[in-house]
Each structure stands twice: as C-alpha cells, then as structure tokens.
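Each remark here refers to the structure printed beneath this line.
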Amino acid sequence: MNRSFAVLAVLALVAACGAGPGVPDGRTAGARCDAGIDEALREWEKAGFSGSIAVSTRGEFGCLAGYGWADRAGGVPVTPETVFGIGSVTKAFTAASIFALADAGKLSIDDRAGSLLPDLKGPVAEATIRQLLLHTSGLNGSHGRDHQPLDRDSAVAAIGGLKPAFRPGTGYVYSNAGYTLLALIVDEVSGSGYREYTASATLRLPGGGVAGGFWNGEPAAPGPRAVGYLADGETARTGGFAGPHWALDGNGGLAMTTRDLAAWTYALFSGRVVSPASTRVIGTPGHDLGGGRSETPGWVAYDRSVHGMPFLTASGGGGDVGHNAAVAWLPEREQVIAIASNGPKVSAGDLLAGGPGHRRR
C-alpha cells in the first residue's frame, strides 16, 4: 500500500495529452481523450489493463476514459463514472483533514499525539503530528488486518502497544498505523468524528460536489463499482464489510472515480481544500528519501533532478479489494493525472511506472 513510483510514463502521458484534438471513447458517452493517449492505453488494455484515467489541466479535463471491464461476468465496461477503492491514496485526504483542523485552530502539527488523544499510551504518544504525517514517528508494523473488525478503543490500544522502530523523529519507516492514529486524532478533535468530518469537510469539491466516500460502511462512495480481481482470478471484496473499520480508516478505505480524484487533487493544490499556507506545507519536501524524492504530508515529492520537472505523487492498492490507484500533480503545468485499475496484470501503479511487474517500496 505504498506510494512511491517512477514518473517516466507520466511524462509520456502528459505529452500525449497535448498532441492533438480529442477523440471520443465509443464505450463512454461524453468521454474524450487525445488520439495518441487513447491508442497507447488501448495497447495497455490488450496487455491486461482494466481501469479508468482522468487528466486535467487547471481544472479542465482533457482526458476521461475507461478501458477493460468493471464486471467481467456481467459484461459491464469500465467508464469514467466507475468507482474504485483508492487504497493508500486515502492518506492524502487524511493529511488534508489534519491541516484543515490546524487552519481552524483545533490543533497544531507540532502537537504531540498523546496531548490530543489522552487515552493513547506507549512511546508513540510523544510523537508529533508532523512526525506522523512524514512517517518519522517510529511506528512500525500494523495495528490490524485490513478487514479485521476493530473498534476505536481497540485501535488506540493496538497502536499504543506497537513496538517502535526508533525514537520519534530519529528515522523513517512507512506506517499505515501512523495514519490511522491521525484519523483517530481527527475523530477526537473535529467534534463530528473521523468519517463524518471526512465526508462533510475534506471530500467537498468547489461548487458543492463530493469526491466519493468509503468503500466499506457509511457514508459510502456513490456510483457503480468495479469488481476487483486478484492474481488467482477470484473476485475480491466488494464493499460489504460491516466493520467497525478502524483497521483501515485513515490509512486506506476511501473510494471514488478518477474524475473525482483528479478534481479533488486540483482543488487541494490550488488552495481550495485547506488554506494556501497549509497547501504550501503539503507540497514542500519534508523528509529526504534520497534519489530526488522526499516525503511530504500524504504525498511523495520528486524534485527536478529526477525527470526535469517536479512532481507530487500518491498511490495505493495491492490489498484484498483488488484495486489500485495512482495520482500525480505536476505543479508547473497545474496538471493532474489520476488512474485506477481493478485487475492484477497491469495496475494503475504499473502503468505510471512504465510496465507490469513494477514494485513500490
């Protein structure tokens, strides 16, 4: 469920998007993509890609299309309106919730977790919000399986009981538990609870729309859902898990269309989800990962040395839902590329990385 990937194919997709007039995708009414990108993606479809893509520039969509099957047995094609679980891309939304609460004066990102969540025990109580956002809190391992019924109090106890990899602020290890702890803090300080706050505040789009919802439980992402397929060909979980959901809340669990993911990403980085000051913090490299990459709150930043242009990326998937999602923000072009997939042969992350078999850290 990690989010770091190469961006060579992102550059190729972006270049294709500006190559000429759009052409309609016959299976998706109203969806248009440049002929070059459509041709490339149809070749990936032949190789096993099943999913959707959305590309926008300054908030205007230049490409919306679906490829492959949302439901093989039912003969239902993927369209731009197909809903996918976005896995660890959820972390970008959790980070935004934290910054929105900071904007409202309800917390500071330099507050310690234990001061905001009094029932939290263990070494992680001394970690700051900033350290949790950047995966430098020392939290290691998992506090629960993805579809394990886990209530709030049990999640707090499980996270507090994890053996740390290092003292807060002295190292780096990617942590799902850290982002669930951030969601528990949102739950505690928002006044409305994690899920309610996410739906009513963080997922709101300019103009009054809402960017999806949750794959399991309420408020659910509206719209037709893609069936997920695993490597053995069996369908994966379809969203009926009753919960409680604190094994995934905050670190995964959101679902939406690629159109909504792209629209929300543009809204975030144009300063319409959190304050412009908070937007700058989210987009500024925070922990050096080496190789021109840095962790930022909810994202990974690539500097100009990697491919000649800065990027921020988030990706997630690989769980038993059978979906994968990846999104890239190109600030110099004010451009967003969002891709989601529901099959194992060519995932969204594979596509942006340049081919099947890519492994993320």
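Think of the chain as a dipole: +1 on every Lys or Arg Cβ, -1 on every Asp or Glu Cβ, centred on the Cα centre; then among HIS135, GLY319, VAL186, HIS135 lies furthest on the positive end. Given Cα pairs under 8 Å that are at least 6 residues apart, what percent is the relative contact order of the chain? Relative contact order for the chain comes out at 25 percent.
For the pair THR235 and ASP119 in one chain, pulling the backbone fully straight at 0.36 nm per residue adds 37.9 nm over the alpha carbon distance.
Taking neighbour counts of Cβ atoms within 10 Å as a proxy for exposure, in what order, fewest first, do ILE109, ILE98 appear?
Fewest-to-most Cβ neighbours within 10 Å comes out as ILE109, ILE98.
Kindly identify segment 173-285 as rounded, prolate or oblate by the Cα gyration tensor criterion: order the square roots of the eigenvalues as a ≥ b ≥ c, call it rounded if a/c is under 1.5, otherwise compare a/b with b/c, prolate if a/b is larger, else oblate.
In terms of gyration-tensor shape, prolate.
Given +1 at the Cβ of Lys and Arg, -1 at the Cβ of Asp and Glu and no other charges, the dipole of segment 217-361 around its Cα centre is 240 debye to the nearest 20. The alpha-carbon atoms of the chain define a convex hull whose volume equals 121 cubic angstrom per residue.
Charge tally around GLU218: other residues with Cβ under 14 Å, Lys/Arg +1 each, Asp/Glu -1 each, net -1.
The phi-based Karplus calculation (6.51 cos²θ - 1.76 cosθ + 1.60; θ = phi - 60°) puts the 3J(HN,Hα) values of segment 244-261 at x, 10, 6, 6, 10, 4, x, 9, x, x, 7, 8, 5, 7, 5, 4, 5, 5 Hz, whole numbers, x for Gly and Pro. Segment 175-227 and segment 78-132 have Cα centres lying 11 Å from one another.
Throughout, read-outs are computed from the coordinates displayed, never taken from laboratory work. In this text the structure is predicted, and so the values were computed from the model without any measurement. Positions of Cβ are generated from backbone atoms using ideal geometry, with glycine treated the same way; all protein chains shown enter the neighbour counts.
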